[in-house]
Amino acid sequence: MDHSGHGMTMDLPPFTLGRGLQWSPDPFFLVACVLGIALYAWGVVRLRRRGDAWSAGRTAAFVVGVLSIALVMCTKLNDYGMVMFSVHMVQHMVISMLSPILILLGAPITLALRALPVAGRDRKGPRELLLMLLHSHYMRIVTHPVFTIPLFIASLYALYFTPLFDFLMGSKTGHVAMMVHFLAVGLVFFWPIMGVDPGPHRPGYLMRMLELFAGMPFHAFFGIALMMASTPMVETYRNPPASLGIDALSDQNAAGGIAWAFSEIPSVLVLIALLFQWYASDQRQAKRKDRAADRDGDKELEAYNAYLASLHARGN
């Protein structure tokens, strides 16, 4: 297969982490990452200027999430990922499971809804269009677990174990589209589970955990299938360039190990985030109950004082 369309040569030297992290930007992802951070920064500055607070932790999570995309798509990792299954699997796991979680922790939709100006009467601006999209039937479908969990699973099995993967890897456009797909699938899968931003599907905390664990085992099974295979299963990586000095089957086994191990990382991250949210929600609810109890107590005290006052008046 000719990979010249990806802006790389076939005689890459053996992979090392130092070589993998060298700058080699994909134009599409470079522009998208810069634009994403710039728009987020605009929203934060706009809020601060009008005196509203915005969490520094959310900002950091979003920026690190976007930078994680740049790390795998704007360095030599992207070049090596075209000819090494193991490096491609690192790209896939980061952009579909780590980057979406960090981006969602940054609450970009909440920021947009707070920062975008409200359009005038009978007019529709960007904020109104975003609200329409959030409340649309389309969003209800694409964020529902009946849709997201099968899509999450199909992105592995239906892609790698059919000729579709080889077809997409055959052109720069196909490769970019595949990576955008991985990112989009990760975002719609984790969005309702994270529950940070408003969305049409907002299950309870226990249901979110069940949704998370419904998808993760399939990642592990996929990794084990690659590790146990006795022959290369993906045509693109069947004949790696001799300059890399790698064996296709060993590289596939490494890719399987990466997919298997990586399924644990987002599970732990999301679980920690959910437990923190659950605790914070319980604390807020307890405070509300305390305030309500205080109000009720004050009313009872006022009534009792009024009763004592009436008795005193009668006595006089």
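The values are calculated or read from the model by the stated rules, or taken from the named source; none is laboratory data. In this text, all values refer to a predicted model and were calculated from it rather than measured experimentally. Cβ placement follows ideal geometry from the backbone for every residue including glycine, while neighbour counts extend to all protein chains displayed. The protein model used for the area step is the full one, side chains on, heavy atoms only, and it has no ligands, DNA or RNA in it. Shrake-Rupley method; radii C 1.70, N 1.55, O 1.52, S 1.80 Å.
Starting from residues that are aliphatic (A, V, I, L, M) and outside any helix (DSSP H, G or I), keep the ones in the range 208-267 and report whichever is nearest to the chain's Cα centre (by Cα). Steps first, answer last, please.
Taking the range 208-267 and keeping what is aliphatic (A, V, I, L, M), we get 209-210, 212, 214, 216, 220, 224-229, 233-234, 242, 244, 246, 248-249, 254-255, 258-259, 261, 265.
Filter again for outside any helix (DSSP H, G or I), leaving 229, 233-234, 246.
Numbers: ALA229: 30, MET233: 28, VAL234: 27, ILE246: 32 Å.
Per the stated criteria, the residue is VAL234.
Check GLY199 against each of (1) buried (at least 16 other Cβ atoms within 10 Å of the Cβ); (2) part of a helix (DSSP H, G or I); (3) touching a residue at least 60 places away in the same chain (Cβ under 8 Å) and name the one condition it does not meet.
Unmet for GLY199, out of (1) buried (at least 16 other Cβ atoms within 10 Å of the Cβ); (2) part of a helix (DSSP H, G or I); (3) touching a residue at least 60 places away in the same chain (Cβ under 8 Å): (2).
Go through the residues of the range 284-295 one by one and say whether even a single one is modelled with pLDDT of 75 or more and either farther than 30 Å from ALA229 by Cβ or out of contact with any Gly (no Cβ under 7 Å at 6 or more places or on another chain) (or both).
No, because not a single residue in the range 284-295 is modelled with pLDDT of 75 or more and either farther than 30 Å from ALA229 by Cβ or out of contact with any Gly (no Cβ under 7 Å at 6 or more places or on another chain) (or both).
Would you pick out the residues in the range 224-238 that are buried (at least 18 other Cβ atoms within 10 Å of the Cβ) and among the polar types (S, T, N, Q)?
Selection gives THR236 alone.
How do the helices (runs of 4 or more DSSP H) wholly within the range 128-181 filter down when requiring 1 or more residues that are surrounded by fewer than 17 Cβ atoms within 10 Å (Cβ to Cβ), out of contact with any helix residue (DSSP H, G or I) (no Cβ under 9 Å at 6 or more places or on another chain) and among the hydrophobic types (A, V, I, L, M, F, W, C): which remain?
Where helices (runs of 4 or more DSSP H) fall fully within the range 128-181 and carry at least 1 residues being surrounded by fewer than 17 Cβ atoms within 10 Å (Cβ to Cβ), out of contact with any helix residue (DSSP H, G or I) (no Cβ under 9 Å at 6 or more places or on another chain) and among the hydrophobic types (A, V, I, L, M, F, W, C), they are 145-160.
Just checking, which of PHE262, PHE221 is surrounded by 14 or more Cβ atoms within 10 Å (Cβ to Cβ), free of Cβ contacts under 8 Å to residues at least 40 places away in the same chain, among the aromatic types (Phe, Trp, Tyr) and closer than 29 Å to THR143 by Cβ? Spell out how you get there, then give the answer.
Values: PHE262 fails: free of Cβ contacts under 8 Å to residues at least 40 places away in the same chain.
That would be PHE221, the only listed residue that is surrounded by 14 or more Cβ atoms within 10 Å (Cβ to Cβ), free of Cβ contacts under 8 Å to residues at least 40 places away in the same chain, among the aromatic types (Phe, Trp, Tyr) and closer than 29 Å to THR143 by Cβ.
From the list SER68, SER99, which one is under 29 Å from LEU212 (Cα atoms), open to solvent by less than 10 Å² (accessible area, probe 1.4 Å) and part of a helix (DSSP H, G or I)?
When all the criteria are applied, what remains is SER99.
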